[in-house]
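One structure below.
The values are calculated or read from the model by the stated rules, or taken from the named source; none is laboratory data. Treat the numbers as computed from the prediction; the structure is a model and nothing was measured. Don't worry about glycine lacking a Cβ; one is built from the backbone with ideal geometry, like all the others, and counts go over all protein chains shown. All accessible areas refer to the heavy atoms of the entire protein, side chains included, with ligands and DNA or RNA removed. Shrake-Rupley method; radii C 1.70, N 1.55, O 1.52, S 1.80 Å.
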Amino acid sequence: MTAAPHTQGTVLVVNSGSSSIKYQLVDPVGGDAIASGLVERIGEEIGTVKHVVGDATTVREVPVADHGEGLRIVLGLFDEVGPDLTAAHVIAVGHRVVQGGPVFDGPVLVDAEVERQIDELSPLAPLHNPANLTGIRVARALLPDVPHVAVFDTAFFHHLPAAAANYAIDREVAAQHRVRRYGAHGTSHQFVSQEVAAFLGRDVAETSTIVLHLGNGASASAVKGGHAMDTSMGLTPLEGLVMGTRTGDIDPAVTFHLMRNAGMSVDEVDDLLNRRSGLKGMTGQNDLREVHRLVEEGDEAARIALDVYTHRIKKYVGAYAAVMGGVDVIAFTAGVGENDDIVRALSLAGLERLGIEIDAERNAGRKKVPTIVSTDRSATTVVVFPTNEELAIARQSVEVVGA
Ligand code: ADP
């Protein structure tokens, strides 16, 4: 296959997990994904590499010893089946990094010092930052002639007002251990809040928006005049909305209770709250499609879980409307937000007196493109707006390298 030439250049966006690498070659101007793919089960006996260009998917089932080998296989596939990376003129590699801590308030060009700081922030994101850093290191070694940019999931929330960023705990403990609200999904919240205003022909500076990013992980944010005023994820992505496998908000004393009375260790409680709770814990299924199926079969636990899930979203909508002194736009995004009309309807049901009214017909079905789903008389415009974190990372990378 030959590559379409790109006069302005492209960005290779890389998202490295502990045993996976997701990537996308993005045209930051047109917004298209020219190629994308996924390396999974790194370090296991057999790994999978899936490389997608247009309608063609190439799959390799091979052992992938480590991230370096994973990326070498990916670059080999670009050589073999295209698009040719030289012709695609890669002007930057943009890396998603989960935790920028108190250090990073925007994307940065990666150098040895930035790598050191990402590493140093690992205690705040022990599952994510080390994997992100490994991805950065192998990519820099394999693509040394291209600038590499780190884009932090927390950066959009770096300047949260003190009232939202601080937890009410001993301030010396907080300072010493860097305990504060960092948030997550910031790239998506920033992208959606800006793009939804443009879609509606509104000035971001004059708009108060609640973004509901509902994927397997889920978070809400209040964005006023383009600035984040609050967000539901906290020190870690555990806080806030009910998620696929995470509790979201919970009395922290549940932890002491389980440790004292159920004999659970810290790691066991961590596993329970992060991986065995949320929809999965309440119904056995983390995917909302399965939860709806169970509800239809009359499963009482699934009905309660759906109520808990949407009740939590509604509480945040009310809270964030109050924080911003009103809300002009509510944007639903990510896998659940874009596809699940039942969740959208239940989450905003009964809010007419707050000026929020969903139109059942407009709301029906999955939305692949930005769609207004509120009634004409609704004071708040409710929009389903597909997120595109890869494009947002690509654009931020271009800004950093000044192309
Ligand atoms: P991630 O947080 O992993 O990026 P996504 O944003 O891709 O997650 O969202 C994945 C979730 O979206 C699934 O777990 C499922 O609950 C939900 N989802 C996907 N498609 C649908 C659908 N058609 N109807 C309802 N929910 C859906």
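Just a few scattered comments:
- The residue of region 346-358 that is nearest to the ligand (Cβ to nearest atom), among those that are under 27 Å from the mean Cα position of the chain (by Cα) and open to solvent by 40 Å² or more (accessible area, probe 1.4 Å), is LEU346.
- Output for region 184-240, where each listed residue is farther than 30 Å from ALA174 by Cβ, of a type in the set (S, T, N, Q) and buried (at least 18 other Cβ atoms within 10 Å of the Cβ): THR207
- Scanning region 360-394 for residues that are surrounded by 21 or more Cβ atoms within 10 Å (Cβ to Cβ) and charged (D, E, K, R) yields a count of 3.
- Figure legend. Inter-residue proximity from region 276-288: first residues of a type in the set (A, V, I, L, M), second residues within 10 Å of the ligand (Cβ to nearest atom) and assigned to a loop (DSSP other than H, G, I, E, B), beta-carbon distance below 7 Å, spacing 6+ or different chains. Indicated pairs: LEU279/GLY244; LEU279/GLN285; LEU279/ASN286; LEU288/ASP340.
- Residue identified as more than 14 Å from the ligand (Cβ to nearest atom), among the hydrophobic types (A, V, I, L, M, F, W, C) and more than 18 Å from HIS213 (Cα to Cα) among LEU294, LEU273: LEU273
- Pairing residues of region 320-342 that are on the phi > 0 side of the Ramachandran plot and near the ligand (Cβ under 8 Å from one of its atoms) with residues that are open to solvent by 10 Å² or more (accessible area, probe 1.4 Å) and among the polar types (S, T, N, Q), at Cβ distances under 6 Å and at least 6 apart in sequence or on separate chains, gives ALA334/THR387.
- Within region 83-117, being farther than 25 Å from GLY37 by Cα and assigned to a helix (DSSP H, G or I) holds for ALA112, GLU113, VAL114, ARG116, GLN117.
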